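Trainee: Have a look at this one.
No value in this document is a laboratory result; all are computed from the given coordinates. Nothing here was measured: the structure is a model prediction, and the numbers come from that model. Neighbour counts are summed over all protein chains in view; Cβ atoms, including those assigned to glycine, are modelled from backbone coordinates with ideal geometry.
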Amino acid sequence: MHGIHLGQPIDVLLDVESWQTLGFVVRCGDEAMRFLPFAACNPTEDDIAVQSALMLLEDVAFYEKRGISFRSLLNGTVGIQGSLVDAWIAQGGAVAELEVERDGTRKRISAAGQRVAATRASAA
């Protein structure tokens, strides 16, 4: 926020039906976990800017019940395409592409219509 470091993002919550980014789970400077809605921030390659610390919401569990943890999807099977290793989020928060690995080769595929088998339970 205005150059002040408020916390570190540790996960991304996704709606995998629509492949939209719901927001970020952030470990704040006071070690508390908070939720930052995607619509309330401006993520770039270098940081995630917010206008106010009030955008970091206390009830992370509420949001975890409504989304899937990206970390829980890592290495999950994406149909016959391979294992999930990354996701590419477009400007408005849509998950545009998934990066999968199969037999040591990585490729990007469209996220639309894809299903990923979670490798571990979501944080919810």
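Trainee: Name the residue, out of E101, E31, E45, whose mean-square fluctuation peaks in a Gaussian network model built on the chain with Cα pairs under 10 Å.
Mentor: Checking each option, the largest mean-square fluctuation is seen for E45.
Trainee: Right, here's the next one. Give me the distance between the Cα centres of region 34-65 and region 83-119, rounded to whole Å.
Mentor: 22 Å
Trainee: Starting from the 7 Å offset along Cα-to-Cβ, what nm value, one decimal, do you get for the label separation of F62 and A94?
Mentor: So the two model labels end up 2.9 nm from each other.
Trainee: Right, something else. What does the helix-only formula give at 222 nm for the chain: each DSSP H stretch with n ≥ 4 adding -39500 (n - 2.57), the total divided by the residues, and the result rounded to the nearest 500 deg cm²/dmol?
Mentor: Theoretical 222 nm ellipticity from helices: -1000 deg cm²/dmol.
Trainee: While we're looking at this one, here's another question. So, with +1 on the Cβ of K and R and -1 on the Cβ of D and E, and no other charges, what is the size of the charge dipole of the chain about its Cα centre, to the nearest 20 debye?
Mentor: Around 380 debye, computed over the chain.
Trainee: Further question on the same structure: So how do T77, T119, T44 line up by other beta-carbon neighbours within 10 Å, fewest first?
Mentor: The most exposed by this proxy come first: T44, T119, T77.
Trainee: Moving to a separate point now. Identify which of I80, I89, I109 has the largest mean-square fluctuation in a Gaussian network model of the chain, with springs joining Cα atoms closer than 10 Å.
Mentor: Most flexible of the set in this elastic network: I80.
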